[in-house]
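Colleague: This is the structure I have questions about; it appears just below.
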Amino acid sequence: MNNKEIETLTASAWREKVYIETSEHIITGYIFMPKIGKRNRLLSEVLNTGKSFIAVKECSLEYKLNPARNVENHEFMQVNISSILIMRPIEE
């Protein structure tokens, strides 16, 4: 997928900033869902799509087991849904 395709996809999608916690990491960033249905159901729809991974853009990654390690920033990351302990929206 090239940058133009990604821009088209994200322009026609809801964007939600989220906090994701796994057993080893804390991730904050943006998830996207098509502008179909109700926006207030975004997180539950993302988690119940039947897919194994969710895409997170413009994200930061903290290491819970090694807090002295620097926070990493990434343009894109995929998170395995089965590893998620907590996912909640972050107010902007």
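The values are calculated or read from the model by the stated rules, or taken from the named source; none is laboratory data. Note that the coordinates shown come from a computational prediction; the quantities given were computed from them, not determined experimentally. Glycine gets a Cβ as well: all are built from the backbone with ideal geometry, and neighbour counts include every protein chain shown. The accessibility values were calculated without ligands, DNA or RNA, using every heavy atom of the protein model including side chains. Shrake-Rupley method; radii C 1.70, N 1.55, O 1.52, S 1.80 Å.
Colleague: What are the residues in the stretch 63-92 that are of a type outside the set (Gly, Ala, Ser) and in a loop (DSSP other than H, G, I, E, B), if any?
Modeller: Selection gives Lys64, Leu65, Asn66, Pro67, Arg69, Asn70, Val71, Ile84, Leu85, Ile90, Glu91, Glu92.
Colleague: Here is a follow-up. Just give me the residues in the stretch 53-92 being over 12 Å from Gly29 (Cβ atoms) and of a type in the set (Ser, Thr, Tyr), in sequence order.
Modeller: Tyr63, Ser82, Ser83
Colleague: Could you list, in sequence order, the residues of the stretch 47-82 that are closer than 16 Å to Ala13 by Cβ, open to solvent by less than 70 Å² (accessible area, probe 1.4 Å) and without any contact (Cβ under 8 Å) to a residue 24 or more places away in the chain?
Modeller: Thr49
Colleague: Additional query: Which residues, taken from the stretch 11-36, are open to solvent by 50 Å² or more (accessible area, probe 1.4 Å), modelled with pLDDT of 90 or more and in contact with a strand residue (DSSP E or B) (Cβ under 6 Å, 6 or more places away or on another chain)?
Modeller: Within the stretch 11-36, just Lys17 meets the criteria.
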